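Worksheet: the structure to be examined is printed underneath.
The values are calculated or read from the model by the stated rules, or taken from the named source; none is laboratory data. Remember, it's a predicted structure, so these values are computed and weren't measured experimentally. Using ideal geometry, Cβ is built from the backbone for each residue, glycine included, and neighbour counts are taken over all protein chains shown. With ligands, DNA and RNA removed, areas are computed over all heavy atoms of the protein, side chains included. Shrake-Rupley method; radii C 1.70, N 1.55, O 1.52, S 1.80 Å.
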Amino acid sequence: MLINEDVLGRIFSGWTSILRKCVFRVLRVGPIPCHVAIIMDGNRRYAKRKRLEEGTGHDAGAMALLYLLVYCYELGIKYVTAYAFSIDNFKRNPEEVQKIMDLMMESVFLLARLSKVCSLRVHFAGNLQLLSADLRTAAKKLMENTAGNSNLVLTICVSYTCSDEILHAVEESCKEKTETTGRDDESVIKLADIEKHMYMAVAPDPDILIRTGGECRLSNFLLWQSCCCHLSSIFTVWPEFGVLHLVKVVLDFQHKYSYFARKKNAIMELENG
Amino acid sequence: MLFSLHFSLPPAITPLPFKPLSHVPHHHHTLNMLPSPPVLKSPLCSTMEHFTLNHHGKEEGLDGGVEVDQTLPLGLRRETMPRHVAVIMDGNRRWARSRDLPVRSGYEAGVRSLRTIVELCCKWGIKALSVFAFSSDNWFRPKVEVELLMSLFERGMQEDTGIFFRENIRISVIGDLVKLPQALQELILNLEETTKNNTHFQLIVAVSYSGQYDVVQACQRLALKAKHGHIEPSDIDISLIEQELETNCSEFPRPDLLIRTGGEFRISNFMLWQLAYTELFFAQSLWPDFGEAEFLKALLAFQQRQRRYGC
């Protein structure tokens, strides 16, 4: 099923858009998270509950992500990272996997259009070698074409697990050390080396990690980057995640913000002596 | 960080003894009276009554067909007990402050809580318990507090050695131990060595630990092995990294369940790699108040979860 391309027009216009912007203006009085990460769980349950054709839950999920991007752009959130497809998901039914890959391809074209409207940079994080050549090429092209955009950075984690990301970072660090190594102590891999080579090096660590669908686990998503961030498990399935849920998440963040700011300052003060 | 661990108690407080492992809980019959819970909006908070009775709820002998596991509270199923539970013991200082007690009292109350949980794990068939005693971030606390914690930790290890042997408990300590006082390092090494053959239960204490540090040291060790020709660089894979993590001291390196007390919803750099598919449970209670009832809630909630391991 194709994503409806008229949706862009619908999101940006109408009285709901005006009302939403008013609410966001009020929210912006307080601190806004810089980076929101999402595990978009519950698409299949959504389709089952609505008695839709199998696979259409993911279409609804893609629409929900599109809406979320617009909301984040209006609210001033700078980074959004979405867990679209895990390496573990390759174990699913091959038909479902193919449907998701087809959906990903359509999304690439829709994101290309959206990137022109709101200066969106798109980044794909994951082991892209596991994807088909066509999808990999389309993804790389979108990354290149949007590399100069800066209003909002969307990272789509596809063919991704954090374990694989760390492994890749270690391999790259080892290669770099082998090529440039002089003294023995320079050849030891450090934390900074690993972080430099992570797929997620394009973005700072998330401020909030949201999981929809009611489960309370990380499923190998951003384990490294979410070490200190606020975790939020929401019972709503992903296709039904809307502006009100986002507002609640941001309010939650604002409630916790003083703790995070104090902790960051305390650590920086002590590190600087 | 809002938590730490020490094993010792001051002379003024009588230490609670470990109960013999054959102790049968008295309360499990009361669970028969509880109705089925409603569907919940959020599975996170322990104040949600998120457990159901299953067929084990039937009284033994009444239907003639169902076996009740007498060592487990009613509702818990032996076959889906987590093998490895991890705990972030948060809330000791808040507990003390709320009672106008010194911070030291909060830590001591935390120890009592830990002893209760260790005892329950032994009784209920959980094989390993990892506790986040002192984070690498905790070194940033005031020096006086850090020194207090180190001295309490040292005293506790000395005083509880008998208990570990009596209850056949293996102690492992993970973390960047180089930063600890020398005497404490020696104590730890000695305790690990003397309990290494204990098999009933393993208590893993994370001290001066961070999940990122654990991954970095694992990768450094592998890179060194590759450099010295013991392995090929291309051999480095996820499984090799996992073998070098500090949790390689355990038969079950990946916790099945992580409980964080104190009401905060974050991992705080505890065991990042190992928590990839772990079920998370966030409890509102402060750690010193986290007892048998709260632990039971967490385990029952865990047993309701459908684990997909990423699929």
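Structure summary
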| read-out | value |
| --- | --- |
| Most mobile of A:Ile100, A:Ile18, A:Ile234 in a GNM of chain A (Cα contacts under 10 Å) | A:Ile18 |
| Where only C-alpha atoms are counted, convex hull volume of chain A per residue in Å³ | 149 Å³ |
| Mean separation of Cα contacts under 8 Å, 6 or more apart, over the residue count of the range A:92-155: relative contact order % | 42 percent |
| Computed FRET value (nearest 0.05) for A:His255 with B:Arg99, which takes r as the C-beta separation and R₀ as 25 Å | 0.50 |
| Viscosity 0.890 mPa s, 25 °C: Kirkwood-radius Stokes-Einstein D of the range B:207-300 over Cα pairs, µm²/s | 162 µm²/s |
| In the range B:229-311, GluC sites (Glu not before Pro) in a DSSP loop with at most 15 other beta-carbon atoms within 10 Å | B:Glu251 |
| A:Phe109-A:Ala147 FRET efficiency (beta carbon distance; Förster radius 25 Å; 0.05 resolution) | 0.90 |
| B:Asp176 versus A:Lys91: modelled label distance in nm, points set 7 Å from Cα along the beta carbon direction | 3.5 nm |
| Length-normalised contact order for the range B:134-205 - Cα pairs under 8 Å, 6+ apart - percent | 38 percent |
| Inter-chain Cβ neighbour average for residues B:276-286, partner chain, 10 Å | 3 |
| Cα lying deepest toward the dipole's positive end in the range B:71-172, options B:Thr80, B:Ser136, B:Gln158, charges on Cβ | B:Thr80 |
| Theoretical gain in end-to-end length, A:Arg28 to A:Lys116 [0.36 nm per residue, Cα-Cα removed] | 29.2 nm |
| Chain A: relative contact order in percent, alpha carbon pairs under 8 Å with at least 6 residues between | 25 percent |
| Shielding score for B:236-243, defined as the mean number of other chain Cβ atoms within 10 Å | 3 |
| Inter-site label distance for A:Asp102 and A:Ala133 at 7 Å from Cα along Cβ, in nm | 2.2 nm |
| Shielding by partners, peptide A:188-196 (average Cβ within 10 angstrom, other chains) | 4 |
| Which listed pairs, of A:Lys91/A:Lys196; A:Lys190/B:Lys225; B:Lys127/B:Lys225; A:Lys21/A:Lys141; A:Lys190/B:Lys227, have C-alpha distances above 26 Å, in listed order | A:Lys91/A:Lys196; B:Lys127/B:Lys225; A:Lys21/A:Lys141 |
| Peptide ranges B:71-83, B:213-225 listed from the most packed, as the mean C-beta count within 10 angstrom indicates | B:213-225, B:71-83 |
| Modelled FRET efficiency - R0 41 Å, B:Glu147 with B:Arg307, Cβ distances, 0.05 increments | 0.45 |
| Loop trypsin sites (Lys or Arg not before Pro), the range A:18-64, which have at most 16 other Cβ atoms in a 10 Å radius of their Cβ (DSSP) | A:Arg28, A:Lys50, A:Arg51 |
| Heavy-atom SASA rank of A:Glu240, A:Glu53, B:Glu145 (probe 1.4 Å, accessible area, largest first) | A:Glu53, A:Glu240, B:Glu145 |
